[in-house]
């Protein structure tokens, strides 16, 4: 009955983190092997996955843990979590391959435990525990290996996130008080039965703030640009690639199915905040891309706020199309922004700056491979059809154009229009950034300097992300087919 | 009617063993030669373990009562509730004894015989409070807790800070006792009884009869509550705590913050739940406000502390607030609230003792104990830094200190369950403030030291202290992975 795969998937990185933390093992070899083995387990889980029953948790582990407080050790994957599990395991392998420091490797593996655990937990308290496991490692990653302003950035990150998760816990407990269970599968099955509308609204509001901080939702996003700018490359990649998804995953996994009437009441507010985030991010990026001192990492961080805005808008529509868009948007953003942060990290390693003005221009001429990949990734990020970024935005807009019955159509059509304007602005600032960094002639400062282009090792490391960005773009069914039946189950 | 009362010595064996050990230690101190003074601590430890064994036996056996009145009602009841507190207190004493060993060396000039005897005497009072079921037993128990504690705080010879701390503690404590006594007098005056079950019945009967609460009894309830709020250092009755903790030897501060607070909570819970149950409408909101204010003020002031013991002192004020939260549910599902407070107290005892134990170890390296001194501790004492950071995250309620997180979950769960969601939200926001200062200290220990550190480990660490810290570390790690046994133990009912 109980399957060993998921505990193994969580146990392996845990052991790795402890082992690397205590013993002087060769960091890169051991860490990458463990991360790869974890990915292998995730692949086995995928291979065994029954797509016809994607709405049902599979590889389930469900054992008594703390009967005194009704908490069970309950794990499982379904069509919603499976793509995120794979993405997480993949990104950690790619990150691990670049890490030399033993303690940093240990911290990243610990981070992996929290991230994977959040996606496979099926008990609210267990979910909360894994959600919190992520905080300290990410704090350490930023505070120890970050940029010059790392301390305030790390502190801001952890305080914001903890505020969110504290309120989230109260939200969970409100749900528990009303239903008497922490079991996420039972709650999703009940579909809000037995929870009064006012209670749903209360719990939903608490969770909106909790998950909103993590997602991040405007105006709770202010920790994100600082954290991204100061974090080391590995931290930025995992922060954008996985951590932000934990927030939107929480919305989809808990708020939408468990509190349907609360979600319905909050949907207009969520939609408005999402679109505000999209436009806010676009304007901030535009100012950065055209301003005198633009940090590439900061620009990409702000663009994340916009992209996650589309994901939140998709959720706010409460339609099958919107939720599908949110899920594929999650994956696409993880792949593309992960790649962008790797590339910017590569630029920073070579030029020792990520300031647009200092870089000058002509990256494509100076370093064709790196510049070319930056071009591809940016275009994917701005949502060009045929690449992964397109589908999430398209489906979110489609969902918003005809939102779930009972939601105000005029409001959501207005939001569709505003968000569509956001896609145009996104294209504008990405192209402005590319024009200043990628195109043009190499400035005098860098012309005479010999700078190595991306090495074969780097290209191998980044290629899975490029392949996925193109693959999902050409064949979105790769993700959509997995989540299809699960999404139908969510909306009941 | 027989005039001699039969006493069940088995029921009162834990406090009895503690008192006997205290006397033996004191006498031994007089008669053993100076070079054998070091054997006093093992003697006290053996007595404590004996009492712990007796308590464990009582915990497995059925409830025993003694000092019973002819009309029903007993003054001393060794039920699950009592044994739970006794185990927490005695467990804490084992650790505190181990932490105290460095106090007895030449430099600290703390007389070991007196110290150990006073510690055991104070503990005997706590053991009585946990099992006391009438107002006078509780009051006498509390005084037995406090009187030796005043001396313990100021026992370091020729230390003006210690004397000041002891005086402050004394004055505050006496005032709180006076208030409690006055409250007890008012309650006795209205109900005509000091036995808690009688009081509950009398209050309920009056309530039904008159259709309203007696203002005199309500004032008595509030006054007794204020007296206990002093004992557990809840805001606004907390002013003694930071100065007393800072001035006292660190193990004594640990003892006060864990064992003394536990005794205060034991008495408070018994009074509220058994005696004053009909007046839940009076004390419920009052406890809620005390909890909210304690958490918020404790955490906010802790943010600005520069001395590690003061920081921990303010943090214990905040934790008194968390401990009060589940009691604020008052009449709605009170047993659940009591369970939550008990569970939190058990976990809090382990993690707070751990933090204070780490301070004792750190004191060898940095006698001033300024927080800034801890910078780069990881380079000088890696194991200590990791353990300290672990306990701080546990107090903050974050992984890897998952024990603290469970504690918070249990407390918030009771609050939400009992319809005091507003208090749960206040507590949740307070965890963020708490994190800010715990994390600042933890991060500092792992930050690179700015000045090149010329001062190596000045001397060998004391082995007993290390053993004590190791014990609480193991306990906290176990509670982080599988707290079920503790949560199960806390599932008691008060008879």
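Before moving on, here are some points about what is shown:
- A residue that is more than 29 Å from residue B:485 (Cβ to Cβ) and either surrounded by fewer than 19 Cβ atoms within 10 Å (Cβ to Cβ) or more than 14 Å from chain B (Cβ to nearest Cβ) (or both) can be found somewhere in region A:67-77.
- Qualifying residue in region A:189-204 (condition: buried (at least 22 other Cβ atoms within 10 Å of the Cβ) and more than 14 Å from chain B (Cβ to nearest Cβ)): yes
- Those residues of region A:95-125 which are within 14 Å of chain B (Cβ to nearest Cβ), in contact (Cβ under 8 Å) with a residue 60 or more places away in the chain and touching a strand residue (DSSP E or B) at 6+ places or on another chain (Cβ under 7 Å), in sequence order: A:121, A:123
- Among all positions in region B:414-424, there is no residue which is crowded, with 23+ Cβ neighbours inside 10 Å, more than 23 Å from residue B:334 (Cα to Cα), touching a helix residue (DSSP H, G or I) at 6+ places or on another chain (Cβ under 8 Å) and within 13 Å of chain A (Cβ to nearest Cβ).
- Every residue from region B:385-398 that is surrounded by fewer than 24 Cβ atoms within 10 Å (Cβ to Cβ) and in contact with a helix residue (DSSP H, G or I) (Cβ under 6 Å, 6 or more places away or on another chain): B:385, B:387
- Scanning region B:396-408 for residues that are within 19 Å of residue B:292 (Cβ to Cβ) and facing chain A (nearest Cβ under 8 Å) yields a total of 1.
- Failed condition for residue B:494, given (1) more than 13 Å from chain A (Cβ to nearest Cβ); (2) at pLDDT 85 or above; (3) more than 22 Å from residue B:312 (Cβ to Cβ); (4) surrounded by 17 or more Cβ atoms within 10 Å (Cβ to Cβ): (2)
- Looking across A:334, A:389, A:314, A:361, one residue alone is assigned to a loop (DSSP other than H, G, I, E, B) and either at pLDDT below 85 or crowded, with 23+ Cβ neighbours inside 10 Å (or both). It is A:361.
- Conditions (1) modelled with pLDDT of 90 or more; (2) more than 9 Å from chain B (Cβ to nearest Cβ): number failed by residue A:130: (2)
- So residue A:91, is it within 12 Å of chain B (Cβ to nearest Cβ), part of a helix (DSSP H, G or I) and crowded, with 23+ Cβ neighbours inside 10 Å: no
- Restricting attention to region A:133-165 and to residues that are assigned to a loop (DSSP other than H, G, I, E, B) and surrounded by 20 or more Cβ atoms within 10 Å (Cβ to Cβ), the residue that is nearest to the other protein chains (Cβ to nearest Cβ) turns out to be A:134.
- Scanning region A:49-66 for residues that are surrounded by fewer than 20 Cβ atoms within 10 Å (Cβ to Cβ) and within 14 Å of chain B (Cβ to nearest Cβ), we see that the one that is farthest from residue A:186 (Cα to Cα) is A:65.
- The set of residues in region B:326-336 being assigned to a helix (DSSP H, G or I), crowded, with 23+ Cβ neighbours inside 10 Å and away from chain A (no Cβ under 13 Å) consists of B:327, B:328.
Rundown of residues vs (1) touching a residue at least 60 places away in the same chain (Cβ under 8 Å); (2) closer than 21 Å to residue B:141 by Cβ; (3) in a helix (DSSP H, G or I), yes/no style:
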{"residue": "B:24", "(1), (2), (3)": "no, no, yes"}
{"residue": "B:27", "(1), (2), (3)": "no, no, yes"}
{"residue": "B:48", "(1), (2), (3)": "yes, yes, yes"}
{"residue": "B:62", "(1), (2), (3)": "no, no, no"}
{"residue": "B:75", "(1), (2), (3)": "yes, yes, no"}
{"residue": "B:83", "(1), (2), (3)": "no, yes, yes"}
{"residue": "B:100", "(1), (2), (3)": "yes, no, yes"}
{"residue": "B:110", "(1), (2), (3)": "yes, no, no"}
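- Exclusive hit being surrounded by fewer than 22 Cβ atoms within 10 Å (Cβ to Cβ) and touching a residue at least 12 places away in the same chain (Cβ under 8 Å), set A:40, A:84, A:8: A:8
- All conditions in (1) surrounded by 17 or more Cβ atoms within 10 Å (Cβ to Cβ); (2) touching a strand residue (DSSP E or B) at 6+ places or on another chain (Cβ under 9 Å) hold for residue B:61, with the sole exception of (1).
- When residue A:70 is tested against (1) modelled with pLDDT of 90 or more; (2) on the phi > 0 side of the Ramachandran plot, just one condition goes unmet, and that condition is (1).
- Qualifying residue in region A:29-48 (condition: closer than 22 Å to residue A:483 by Cβ, more than 14 Å from chain B (Cβ to nearest Cβ), in a loop (DSSP other than H, G, I, E, B) and in contact with a strand residue (DSSP E or B) (Cβ under 8 Å, 6 or more places away or on another chain)): no
The values are calculated or read from the model by the stated rules, or taken from the named source; none is laboratory data. None of these values were measured; they are calculated from a predicted model. In this analysis, Cβ positions are derived from the backbone assuming ideal geometry, glycine residues included, and neighbour counts consider all displayed protein chains.
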